[in-house]
Each structure stands twice: as C-alpha cells, then as structure tokens.
Amino acid sequence: MTEMKEYLICLEETECPFESRKRQRKFIYRFRMKRESFFLLRDHFRRNARDNEYARGWSLIVELLVFIRWITSGGTYVMVGDTFGMPLQTVSDIVHQILPKVAKLSKNVIALPEGDELPKIAEGFQKLVGTNVSNFVVGAIDGTLIRFSPSRAIRDQYIDRKSGASINCTIVCDDKLRIRYMIAGYPGSVHDC
C-alpha cells in the first residue's frame, strides 16, 4: 500500500472505536494535528475555493495532506513528492498555492489566551506533567526552520546552522496543543529565541 493510500485511510471514519483511535494516533504522528482539525481546515478551504482552483487533478484533501506533511516534517519538496508519488514541481505548486491562504487564515484562529482561560491552561499543564511545579505555565514554545530556495542574491542571509536556506518559525501552544502565537519570516541565520 502506498503511503498516500495509508494517509487517506487514516481519514476515513470507522465504527470500531479501537480502529478509530489507532487511525487518529497514526494521523497525529504523521501530520501533527488531529483529524478533526484537518477536516475544519478542509471545510474552510471548500467554502472559500474559487471554481477550478484545485484543477491539477489532485483532490483538495490530497493537496492539503501534501502541504501539511511538507510544513510539519521540515522536509523537502523531493521527500514529500516521493511520499505522495508526485513530481517535485507539483509539490512546489501546491505549497505555494496553499501557504498564503493558511497564513491569512492564521490571523482568525491564533489568539493569545485571555482572562479565565489562563488558570485553565495552567491547570491543564499541571495535569500533563502530574505536578504543581507548572502552576504558572500557560504555554509551550518551540522553533523550527522551514526550508526554501531563495534567489542567489539573498541566499546568504537565509543560511541556517545546518547550512541550508530556511526561514525561522516560532510557535507557542497551550495544553491542548492549540497554537496561541506564531511568528515566521525571519531568515534562518537569526536565532529563534
């Protein structure tokens, strides 16, 4: 079975609770998001799609899976193309079509916690670690490098510690893995803290 077919099976609903949990775990492992979150993203794109917008022959679901796999794996177009059995240029086209739309969407769904949310998030982190040490923890932060191919004129600015060209992305999430803050765009040569 190809990896793409396996990913599509992970999205299918099943009556068996054990199989459903297994598919959810596998999907989270591969795409770092719950299936429900993926379906919300898919539904948003469906509502806002123009006619023939996804006319490359791939379904919207496959294009979103390609994009999410690319963004969450830190992989290259070649690696994602090999995973999904599609040409490098197709992966590039998909990423460049979807990325600006997701960036625009993020302004509507990413928000810092407010008011009575803060104690609830701190309590959630306490439950995760099983101790009161995290009384004041209301977020987990991490940074990643997103690989890309800049023009030769600016390439030197984007060389990261791994000798590749990238853009920094720093993300803060809460105890339920909801993204609460994100900043991206600084050259890979800039530290992510």
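Readers should treat all values here as calculations from the given coordinates under stated rules, not as data from a laboratory. All of these numbers come straight from a predicted model, not from anything done at the bench. Reconstructed Cβ throughout: ideal geometry from the backbone, glycine too, with neighbour counts over all protein chains shown.
If r is the Cβ-Cβ distance from M182 to E19 and R0 is 35 Å, what FRET efficiency results, to the nearest 0.05? Intermediate results must be reported in sequence, preceding the final value.
Working: r = 33 Å, r/R0 = 0.95.
It comes to 0.60.
Rg and Dmax in Å for segment 66-193, alpha carbons only: what are they?
My reading of the Cα-based Rg and Dmax gives 17.5, 52 Å.
What's the FRET efficiency of V190 with R32 using the Cβ-Cβ distance as r and R₀ = 25 Å, to the nearest 0.05? Spell out each step's value before the answer.
Working: r = 24 Å, r/R0 = 0.95.
Here the calculated transfer efficiency is 0.60.
Between L88 and R152, what FRET efficiency follows from the Cβ-Cβ distance if R0 is 30 Å, with the result rounded to 0.05? Please report the intermediate quantities before stating the final value.
Working: r = 19 Å, r/R0 = 0.65.
My answer for the efficiency is 0.95.
7 Å from Cα along Cα→Cβ at both S163 and H96: what's the point-to-point distance in nm?
Distance between the two pseudo-spin positions: 2.8 nm.
Taking all pairs of distinct Cα atoms, average 1/r, flip it, and tell me the Kirkwood hydrodynamic radius of segment 117-187 in Å to one decimal place. Mind showing how you got there, number by number?
Working: mean 1/r = 0.0713 Å⁻¹.
Answer for segment 117-187: a Kirkwood hydrodynamic radius of 14.0 Å.
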